[in-house]
Amino acid sequence: MVGKVTKSGVMNKTVTVSVDRMVRHDRTHKMIRRTTKFLTHDPRNVLRTEDVIRIKSCPRKSHKKYFELDVILKRGWDGLEFDRLHPNKNVPLLERVKEQQKQQKQAEKAAVVAAAAVEIAKKKGKEEQVKKEEVPLTIETPSTSSAVSS
């Protein structure tokens, strides 16, 4: 679910996230915006008011906390200021998460290519051994050559 942080800094490692949804009114059939507030776990205390985030369901952390931070989609002004003041904090911004996933995929591809190269090398080594075994080694000795000629 995607929502906006409406309250942060009041509780340690907890923020309030408002998630909007559109519903149709029964009688007038107009679209109405409904807002639901969720207490969300912020393990690194990096979220600030006005940040747009994606939250995911998790095992219950407390009486009312059922969600945790998945990724920050957009930083609000307070969040940008926080990033400037605390550059060493590992903030899960969407761009960084995508870059990490891209690097992980590249590493997996490299591992697959390396494994395939090893398999090919093994097969080539076995083929060379088979070729060496198939070639008969005939050494003519003088006793066999004289015996054949007589």
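The values are calculated or read from the model by the stated rules, or taken from the named source; none is laboratory data. Everything numeric here is computed off the predicted structure, so don't read it as measured data. Glycine also receives a Cβ, built like all others from the backbone with ideal geometry; neighbour counts cover every protein chain displayed. Each accessible area value is taken on the protein alone, full model and side chains, heavy atoms only, with ligands, DNA and RNA left out. Shrake-Rupley method; radii C 1.70, N 1.55, O 1.52, S 1.80 Å.
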Checklist outcome for this item: Of the residues in region 42-61, those that are touching a residue at least 24 places away in the same chain (Cβ under 8 Å), surrounded by fewer than 17 Cβ atoms within 10 Å (Cβ to Cβ), farther than 14 Å from residue 1 by Cα and of a type outside the set (D, E, K, R) number 3
Next on the checklist: I'd like to know if region 68-90 contains one or more residues that are outside any loop (DSSP other than H, G, I, E, B) and touching a Cys at 6+ places or on another chain (Cβ under 8 Å).
Outcome noted: yes
Checklist outcome for this item: Selection over region 92-103 where residues are open to solvent by 100 Å² or more (accessible area, probe 1.4 Å) and either in contact (Cβ under 8 Å) with a residue 12 or more places away in the chain or over 27 Å from residue 79 (Cα atoms) (or both) yields a count of 0
